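Everything below concerns the one structure shown next.
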Amino acid sequence: MAKQDDRNQPMNVVHADSFDGFNAPNSITTLTGHVLITQGTMKVTGDLAKIHVDGDQQVSRIVVTGKPAHIEQLDDSGNLMTGDALTLDYDNINGIAVLITDAVVHQQGRGEAHGDKLTYNTQTAYITGESNGDGRVHMTFLPKPHPVTPAKPASTQPVAAPSAAKPASASSAAKPASTPASSSSTSSQRQP
């Protein structure tokens, strides 16, 4: 893989208005107000986050709610994935983000998906979606971008020919360099 697995990076609570909890085995810490959590290239934001720590004191899961809860991360190709929903349930062990209620996932250069529930694998970019009741899953697939080819000149005539005949500047044409040549030819005519 081109980039280092974000799950091997430290998880940082960059901002929260308040928190309740502690880093102990099998515990949950609650963060409230303008929550911002980062881990490698991943960034999660929301109004409330519950950080689940497993028996090995590893962050195993983060459940974020907000209007919306938001996740973003760069994939191995450097493309940005963003996801928004009312609830985001992120499995930190397996790298799976489940977005629930008004869910949208946008994959840069690939497209986007909308549904009641979207499941996104942050390591493989594999996505599944489902709807509840009368709702529908919507997807947009973007075409592969084609490389831009430079435009061909309109004429096949050499372009450099007219500019080669043109003097570099007006001052170079009036240089006294031609004066010594003509004075030497004049002086050669004066000599017997």
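The values are calculated or read from the model by the stated rules, or taken from the named source; none is laboratory data. Just so we're clear, the structure is a prediction, and the values are computed from it rather than from any experiment. Methodologically, a virtual Cβ is constructed for each residue, glycine included, from the backbone with ideal geometry; neighbour enumeration extends over all protein chains shown. Please note that ligands, DNA and RNA were not included when accessible areas were found on the heavy atoms of the full protein model with its side chains. Shrake-Rupley method; radii C 1.70, N 1.55, O 1.52, S 1.80 Å.
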For this session: Over every pair of different alpha-carbon atoms in the range 33-75, take the mean of 1/r and invert it; report that Kirkwood radius in Å.
Result: 10.9 Å
Seminar exercise, completed: Under the Karplus relation with 6.51, -1.76 and 1.60 and θ = phi - 60°, whole-Hz ³J(HN,Hα) for the range 102-111, x at Gly and Pro, equal 6, 7, 9, 10, 10, 10, 4, x, 10, x
Seminar exercise, completed: Per the range 8-62, sqrt(5λ) over the Cα gyration tensor eigenvalues, sorted largest first, in Å, gives 17, 14, 8
For this session: Starting from the Cα of GLN58, step 7 Å along the direction of its Cβ; do the same at GLU130; then give the gap between the two resulting points in nm.
Result: 2.7 nm
For this session: Report, ordered by chain and residue number, the aspartates and glutamates lying within cross-link reach of LYS43, taken as a straight Cα distance under 16 Å and ignoring same-chain residues fewer than 8 apart.
Result: ASP5, ASP6, GLU72, ASP75, ASP76, ASP84, ASP89, ASP91
Problem set entry | Between the range 104-121 and the range 43-88, the alpha-carbon center distance in angstrom | 14 Å
Problem set entry | Ranked by how many other beta carbons lie within 10 Å on average, peptides 16-24, 107-115 from highest | 107-115, 16-24
Exercise. For the range 1-55, which whole percent of the accessible surface, found with a 1.4 angstrom probe, sits on carbon and sulfur atoms?
Worked result: 53 percent
Seminar exercise, completed: By the Cα gyration tensor axes a ≥ b ≥ c (a/c under 1.5 gives rounded; else a/b larger than b/c gives prolate, otherwise oblate), the shape of the range 61-109 is oblate
Seminar exercise, completed: Shape descriptors of the range 1-112 over alpha-carbon atoms, Rg and Dmax in angstrom, are 13.6, 41
